[in-house]
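The values are calculated or read from the model by the stated rules, or taken from the named source; none is laboratory data. As the structure is a computational prediction, the values presented were derived from the model and not from experiment. Positions of Cβ are backbone-derived with ideal geometry, glycine not excepted, and every protein chain shown enters the neighbour counts. Each accessible area value is taken on the protein alone, full model and side chains, heavy atoms only, with ligands, DNA and RNA left out. Shrake-Rupley method; radii C 1.70, N 1.55, O 1.52, S 1.80 Å.
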Amino acid sequence: MSITKTEVLQKANAASKNTLMETLDIEIVDYGHDFLVARMPVTPKVHQPDGVLHGGATAALAESVGSFASHIFIDTEKMFVRGLEITANHIKSVSEGFVYAKATFLHKGRTTQLLDIRITDADDNLISICRLSTISLPKKKA
């Protein structure tokens, strides 16, 4: 029996309970064979003191969507994913609405992955460009 896209998205979002993703209201909204998309509301909860989206919240969104993308493309019975490095270049500020993070693979190796993550607003304006490297490691046998 195959699982529907809706069921995958529901399962992914359920896994975010009691995590930073839930705290920041990050929601996985779409995926395909080589990408994953999440969104985050831009509210005072994620603002800098001057009322615009905090770069740290943007980086948290990018790392969340990138790590989750790496996670769904591995055998989670045998492996787990950890972030190695993240960079973020902030291009434009935003103070309200939603931001969307689309993670696409630049490299999808068995051990390491490199993702390009573009953060945009609802009008598809580029807000930030991030790069995330992740590593897939074997789970220890019990």
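So here's what we get for this one:
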item: Search result, residues across the stretch 5-31 that are in a loop (DSSP other than H, G, I, E, B) and out of contact with any helix residue (DSSP H, G or I) (no Cβ under 9 Å at 6 or more places or on another chain); result: Lys17, Asn18
item: Top-ranked residue in the stretch 12-26 [being open to solvent by 70 Å² or more (accessible area, probe 1.4 Å) and touching a residue at least 12 places away in the same chain (Cβ under 8 Å); ranked as farthest from His107 (Cα to Cα)]; result: Asp25
item: Condition met for Leu9 (open to solvent by less than 20 Å² (accessible area, probe 1.4 Å) and either out of contact with any Leu (no Cβ under 7 Å at 6 or more places or on another chain) or not polar (S, T, N, Q) (or both)); result: no
item: Yes/no for Arg110 being modelled with pLDDT of 95 or more and open to solvent by 30 Å² or more (accessible area, probe 1.4 Å); result: no
item: In the stretch 63-82, residue farthest from the chain's Cα centre (by Cα) [restricted to those that are open to solvent by 40 Å² or more (accessible area, probe 1.4 Å), closer than 19 Å to Thr19 by Cα and of a type outside the set (A, V, I, L, M)]; result: Thr76
item: Residue in the stretch 45-56 that is more than 11 Å from the chain's Cα centre (by Cα), of a type in the set (Gly, Ala, Ser) and buried (at least 18 other Cβ atoms within 10 Å of the Cβ) present; result: no
item: Residue in the stretch 116-129 that is farther than 20 Å from Phe35 by Cβ, touching a strand residue (DSSP E or B) at 6+ places or on another chain (Cβ under 8 Å) and among the β-branched types (Val, Ile, Thr) present; result: no
item: Criterion (of a type in the set (Phe, Trp, Tyr), closer than 19 Å to Asp124 by Cα and over 11 Å from the mean Cα position of the chain (by Cα)) met by exactly one of Phe98, Phe35; result: Phe98
item: Residue match in the stretch 90-105 (condition: surrounded by 14 or more Cβ atoms within 10 Å (Cβ to Cβ) and farther than 21 Å from Asp25 by Cβ); result: yes
item: Output for the stretch 113-139, where each listed residue is within 12 Å of the chain's Cα centre (by Cα), free of Cβ contacts under 8 Å to residues at least 40 places away in the same chain and open to solvent by less than 60 Å² (accessible area, probe 1.4 Å); result: Asp116
